[in-house]
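Since the structure comes first, as structure tokens, the remarks are kept for the end.
The values are calculated or read from the model by the stated rules, or taken from the named source; none is laboratory data. Owing to the predicted nature of the structure, the values given are computational and were not obtained by experimental measurement. Glycine also receives a Cβ, built like all others from the backbone with ideal geometry; neighbour counts cover every protein chain displayed.
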Amino acid sequence: MLNKFLIPTSLSIVLLLTACQSTPSVPVIVRADNTFELTGLGTTKAKAQANALNDAKKHCGIKTPIVISDTTTYNGVIDEKMGRVLEQGVGVIGSVLGTKTPNLSRDDDYEYHIKFRCQ
């Protein structure tokens, strides 16, 4: 009689515990010197930085991520400055004509790569 209740109860506890585990939103590379690397993506430099830092905070848990080095890369289809000029020009034309402004940026235009440790 005890086995009839023990197995389903144990199985439900295991399922509940595995459901509570969180998976990282981006892969985190672990280095031998106890440092980590990850890359945040975004439509702007600020969004890419915020995404990378948020993911580092999630990875460190209660500890604080300390950034050792960082690099920013622009991967847009056209030059960064030209893209800003085009978006502003299209925005002005769209507001004059009363049409929706097309978005020329993509979610992965900027990459912010950080190397960090948790402290």
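List the pairs whose first member sits in region 25-48 and is of a type in the set (Lys, Arg), whose second member is surrounded by fewer than 16 Cβ atoms within 10 Å (Cβ to Cβ) and in a strand (DSSP E or B), and whose Cβ atoms are under 7 Å apart, counting only residues at least 6 apart or on separate chains? Note: pairs meeting the criteria are LYS45/THR72.
Among the residues of region 37-76, those that are in contact with a helix residue (DSSP H, G or I) (Cβ under 7 Å, 6 or more places away or on another chain) and assigned to a strand (DSSP E or B) comprise LEU38, THR39, GLY40, LEU41, GLY42, PRO65, THR72, TYR74. A residue that is at pLDDT 85 or above and either touching a Gly at 6+ places or on another chain (Cβ under 9 Å) or at positive phi (or both) occurs somewhere in region 57-70.
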